[in-house]
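The values are calculated or read from the model by the stated rules, or taken from the named source; none is laboratory data. Remember, it's a predicted structure, so these values are computed and weren't measured experimentally. Neighbour counts are summed over all protein chains in view; Cβ atoms, including those assigned to glycine, are modelled from backbone coordinates with ideal geometry. Heads up: the accessible areas ignore ligands, DNA and RNA and are worked out on the full protein's heavy atoms, side chains in. Shrake-Rupley method; radii C 1.70, N 1.55, O 1.52, S 1.80 Å.
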Amino acid sequence: MKANTKDWIQYGTAIAMVGSGIVLSFICFFLNHYSIDDSVLWYVAQALVYAGSIFGVNVYIRTKLGEVKNEVKKDIKDAMNGKEV
């Protein structure tokens, strides 16, 4: 399995969940004469929470890893120049 496969699966399922929520909402909206059931709204909310958590957690982790890498590089550079860490 490639390194990017996990990311593609996460992004694909998040996009599929949001898409299915939108399609289900439109179907329910037009079949029930312009009203949406509570269960459909719950499903859409869960799809948005899932997609938000997939994208948000991934961005947060990448940002924090970048900060840690920068700190480590700075500490190594300072150690090479003879400064105490």
Notebook entry, point to check: Is it the case that Y11 is surrounded by 12 or more Cβ atoms within 10 Å (Cβ to Cβ), under 18 Å from the mean Cα position of the chain (by Cα) and either in contact (Cβ under 8 Å) with a residue 60 or more places away in the chain or more than 22 Å from N58 (Cα to Cα) (or both)?
Noted result: no
Checklist line | Pair list, Cβ < 7 Å and 6+ apart or interchain, from region 20-46 residues that are outside any helix (DSSP H, G or I) to residues that are surrounded by 12 or more Cβ atoms within 10 Å (Cβ to Cβ) | finding: I36/S25; I36/C28; I36/F29; D37/C28
Check: Does V49 fit the bill of being loosely packed, with under 11 Cβ neighbours inside 10 Å, β-branched (V, I, T) and under 23 Å from the mean Cα position of the chain (by Cα)?
Finding: no
Next item on the list: Answer yes or no: is there a residue in region 63-77 that is modelled with pLDDT under 85 and open to solvent by 70 Å² or more (accessible area, probe 1.4 Å).
Entry: no
